[in-house]
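Below: the structure, in structure tokens.
The values are calculated or read from the model by the stated rules, or taken from the named source; none is laboratory data. From a predicted model like this one, the values you see are computed outputs, not experimental measurements. Cβ placement follows ideal geometry from the backbone for every residue including glycine, while neighbour counts extend to all protein chains displayed. Note: accessible area is taken over every heavy atom of the protein model, side chains too, but ligands, DNA and RNA are not part of it. Shrake-Rupley method; radii C 1.70, N 1.55, O 1.52, S 1.80 Å.
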Amino acid sequence: MKKYIGNDWDQVLAPVFASNEYHKLHEFLKVEYATRQIFPDMYHIFTAFKLTPFTKTKVVILGQDPYHNPGQATGLSFAVMPGISLPPSLVNIYRELYDDVGCAPVNHGYLKKWADQGVLLLNAVLTVPLGQANGHQGKGWEQVTDAAIKALSDRGKVVFILWGRYAQNKINLIDQNRNFVIKSAHPSPLSASRGFFGSRPFSRCNAALKKFGTGPIDWQLPAEIKQIDLA
């Protein structure tokens, strides 16, 4: 079995990685990376899976696709590297995080602490061209990420946090009898005031995890980043 990720996700996603559709995606990406500026860099495409193994995933925060401006994309949904200005959606996430569970906002977007605790920060599409949001939508990534969502749903006891219509369209992949789904408006400035603010996703997530017996997430991010260690 070829190792794309380096942990138990390789076995879970092996049928997808062996498919003709994934082979076509792989060939497409080889050309894209050789001829265009694509984010994240090819070594961080699978960062979310690498940092949060299948058996340790407790929460999924589903994004759409990576940030499409230079220096932003990390391979983790909603996250940016230290030193990069916080995107508006992340600013709003931090605001709700404070209002919900009292976590002090930080001035960076390095979310590895969440990933290390079992929060899979997954984008539905894992690559994007410079300045072209959704530029790789429909090219084949969805079969990979849909398979991951379905596998976690079948395993059960996972909290799925679905912000916005795009993420909520994945709800048919999730067995809500075995998992817990949190839905609200997206945290972007265009929609945050229409149901994201006040939705209390972080406390509701921890309450569900307590019922599952898997332990809560410590959502407080460190004020300072002393070491950058993305897979």
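Data table
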quantity	calculated
Residue among 170, 183, 150, 139 that alone is in contact (Cβ under 8 Å) with a residue 12 or more places away in the chain, part of a helix (DSSP H, G or I), open to solvent by 50 Å² or more (accessible area, probe 1.4 Å) and charged (D, E, K, R)	150
Among the residues listed as 94, 33, 22, the single one being at pLDDT 95 or above, farther than 29 Å from residue 186 by Cα and buried (at least 18 other Cβ atoms within 10 Å of the Cβ)	22
Test: residue in segment 195-202 that is among the hydrophobic types (A, V, I, L, M, F, W, C) and out of contact with any Asp or Glu (no Cβ under 8 Å at 6 or more places or on another chain)	no
Residue in segment 117-135 that is over 13 Å from the mean Cα position of the chain (by Cα) and crowded, with 21+ Cβ neighbours inside 10 Å present	yes
Residue in segment 55-75 that is part of a helix (DSSP H, G or I) and either in contact (Cβ under 8 Å) with a residue 40 or more places away in the chain or open to solvent by less than 70 Å² (accessible area, probe 1.4 Å) (or both) present	yes
Index of the failed condition, residue 193 passing every other in (1) in contact (Cβ under 8 Å) with a residue 24 or more places away in the chain; (2) surrounded by fewer than 20 Cβ atoms within 10 Å (Cβ to Cβ); (3) under 20 Å from residue 88 (Cα atoms); (4) not basic (Lys, Arg)	(1)
Meets criteria (assigned to a loop (DSSP other than H, G, I, E, B) and modelled with pLDDT of 95 or more) for residue 106	yes
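Per-residue answers, yes or no, for (1) of a type outside the set (A, V, I, L, M); (2) in contact with a Leu (Cβ under 7 Å, 6 or more places away or on another chain); (3) open to solvent by 60 Å² or more (accessible area, probe 1.4 Å):
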site: 203; (1), (2), (3): yes, no, no
site: 208; (1), (2), (3): no, no, no
site: 216; (1), (2), (3): yes, yes, yes
site: 223; (1), (2), (3): no, no, yes
site: 228; (1), (2), (3): no, no, yes
